[in-house]
Amino acid sequence: MQASLSMAPVNIFKQGADEEKAETARMSSFIGAIAIGDLVKSTLGPKGMDKILLGGGREGSVTVTNDGATILKAIGVDNPAAKVLVDMSKVQDDEVGDGTTSVTVLAAELLREAELLIAKKIHPQIIISGWRKATQAAREALKEAAVDHGNDIVKFEEDLLNIARTTLSSKLLTHHKDHFSKLAVEAVLRLKGSGNLEAIHVIKKLGSSLTDSYLDEGFLLDKKIGVNQPKRLENVKILIANTGMDTDKIKIFGSRVRVDSTAKVAEIELAEKEKMKEKVERILKHGINCFINRQLIYNYPEQLFAAAGVMAIEHADFVGVERLALVTGGEITSTFDHPELVKLGHCKLIEEVMIGEDTLIHFSGVEMGEACTIVLRGATQQILDEAERSLHDALCVLAQTIKETRTVYGGGCSEMLMAKAALAMLPTIIADNAGYDSADLVAQLRAAHMEDKVTSGLNMIQGTIGNMAELGITESFQVKRQVLLSAAEAAEMILRVDNIIKAAPRKRVPDHHPC
């Protein structure tokens, strides 16, 4: 009797909780991760395709993209292993800005290989130890293949242009990659090695075509100058604030004020006006000729600023204000009692400029000399959004390359040098996406590498094997290394799983007090 009791299954979880064990858990993880890899696989390479993402809100926003991180952010996944890959692509995007699709596809391919080995009854820990050795060997091969032109300015600039072209060749901007790679390299070189991409402001304006996009040396703010105020100022002292400039009401909620005549109401209004006038006078004591506020500036204070000959700019969004404080060398202020403690921003000239049909405010000769603005033009909002994502990837990769000056050759060349079964799948997928015979091309590529033609890679324009050094298909060493390490770590983490335990869903409590 006791023996039969001990064999009976005991449920230790709450009602509604779920558990997947051993092979079931592993298969669930593999299927989820491989499905995510297959989802973004078709976007890989210069001939990769785009996805349309439809938002679920009332507006039903439409996003057209082939950026792996954007696609994975937008989809809601329920599988835990799939979530690991989605998070990994976000980290790749934050860390180096590019390679989000490659890292997801590589992790999925590693797990596809692992699935076959597990089916042959090989223990997961043995597979993981093999992966670790292979990752180390691949890192060594990548280090040996890396080229460093950090000490030669002319060659390094050429490397940067090649990296920008290679990054943009798989994006929407591929047909204008020469134009945009020059813009990106020029903007990043202005940073003088600081890598602070906050100093590069990207503004999107509908109209014209992508080729009319340009780099402006200075800072553009998409706002308007107040009424009857100077439209052009030289040698500007700027106070950047985040303060309420509506009539300063005494906000006592739930209170009532009883008056016996309209004259009393007028007195209250006059007291409010006097309070606002005092605030404006305190601001003017800072010796400024330009006031930029995060919040609205109402008519009365605007009139006072105009009378004092001060330019007032209202409702500059928070990102705009923070970036403006950074590039002009000022600080955002909320109180104005101690002018000596406030750090003002400076610039040589503020004026209004027209872009298309819109008026913007242009700050030139700012304190932070490396600050610049890239103005993107395009026919539709979707094109502008995708152009911004593509340019962001290129800028991130270039900023990383300036810190880590080593480069490697693209077009599947590095993957063949690192040559793991899963890594060899990347050139295969790139060739498949272009509609070529991948088996033939990858066999030719492998043969070329066996003959010590170590710069050989896939030429996707001709559909042949080409010399990557001559074609200028170069990638950042940092991006490639990050792809390798992130994919191996994520795949290892998923392979270690032998149990998935789902918590019981929260019970809905009926609302007994509806509004």
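Points to keep in mind about this one:
- When every residue of the range 237-246 is checked against the conditions, at least one turns out to be within 23 Å of residue 305 (Cα to Cα), part of a strand (DSSP E or B), open to solvent by 40 Å² or more (accessible area, probe 1.4 Å) and modelled with pLDDT of 70 or more.
- Pairing each residue of the range 325-338 that is under 21 Å from residue 220 (Cβ atoms) with any residue that is buried (at least 19 other Cβ atoms within 10 Å of the Cβ) and basic (Lys, Arg), provided the two are 6+ apart or on different chains, yields C-beta distances under 8 Å for 332/294.
- Members of the range 47-72 found to be out of contact with any strand residue (DSSP E or B) (no Cβ under 8 Å at 6 or more places or on another chain), farther than 15 Å from residue 172 by Cα and surrounded by fewer than 19 Cβ atoms within 10 Å (Cβ to Cβ), listed by number: 56, 57, 58, 59
- Residue match in the range 45-65 (condition: within 30 Å of residue 464 (Cβ to Cβ), modelled with pLDDT of 85 or more and either part of a helix (DSSP H, G or I) or of a type in the set (S, T, N, Q) (or both)): yes
- The criterion of being touching a Gly at 6+ places or on another chain (Cβ under 6 Å), at pLDDT below 90 and open to solvent by less than 60 Å² (accessible area, probe 1.4 Å) holds for residue 166.
- Elements of type strands (runs of 3 or more DSSP E) in the range 400-515, at least 1 residues being modelled with pLDDT of 80 or more and in contact with a strand residue (DSSP E or B) (Cβ under 6 Å, 6 or more places away or on another chain): 406-409, 456-459, 464-467, 474-476
- Candidate set: the range 169-184, residues that are open to solvent by less than 10 Å² (accessible area, probe 1.4 Å) and not small (Gly, Ala, Ser); chosen: the one farthest from residue 396 (Cα to Cα): 173
- In the range 403-445, the qualifying residues are those that are more than 24 Å from residue 146 (Cα to Cα) and touching a residue at least 40 places away in the same chain (Cβ under 8 Å), and the one that is surrounded by the most Cβ atoms within 10 Å (Cβ to Cβ) is 433.
- Some residue of the range 188-203 being surrounded by fewer than 21 Cβ atoms within 10 Å (Cβ to Cβ), touching a residue at least 60 places away in the same chain (Cβ under 8 Å) and of a type in the set (Val, Ile, Thr): yes
- Conditions (1) hydrophobic (A, V, I, L, M, F, W, C); (2) more than 24 Å from residue 212 (Cβ to Cβ); (3) buried (at least 16 other Cβ atoms within 10 Å of the Cβ): number failed by residue 387: (2)
- Contact map, the range 204-232: residues that are in a loop (DSSP other than H, G, I, E, B) paired with residues that are surrounded by 19 or more Cβ atoms within 10 Å (Cβ to Cβ) and among the basic types (Lys, Arg), Cβ distance under 8 Å, separation 6+ or inter-chain. Pairs shown: 208/377; 209/377; 213/377.
- Some residue of the range 112-126 being closer than 22 Å to residue 401 by Cα, open to solvent by less than 60 Å² (accessible area, probe 1.4 Å), of a type outside the set (S, T, N, Q) and more than 29 Å from the chain's Cα centre (by Cα): no
The values are calculated or read from the model by the stated rules, or taken from the named source; none is laboratory data. Because the structure is predicted, anything quoted here is derived from the model rather than measured. Positions of Cβ are backbone-derived with ideal geometry, glycine not excepted, and every protein chain shown enters the neighbour counts. What goes into the accessible areas is simple: the full protein's heavy atoms, side chains included, and nothing from ligands, DNA or RNA. Shrake-Rupley method; radii C 1.70, N 1.55, O 1.52, S 1.80 Å.
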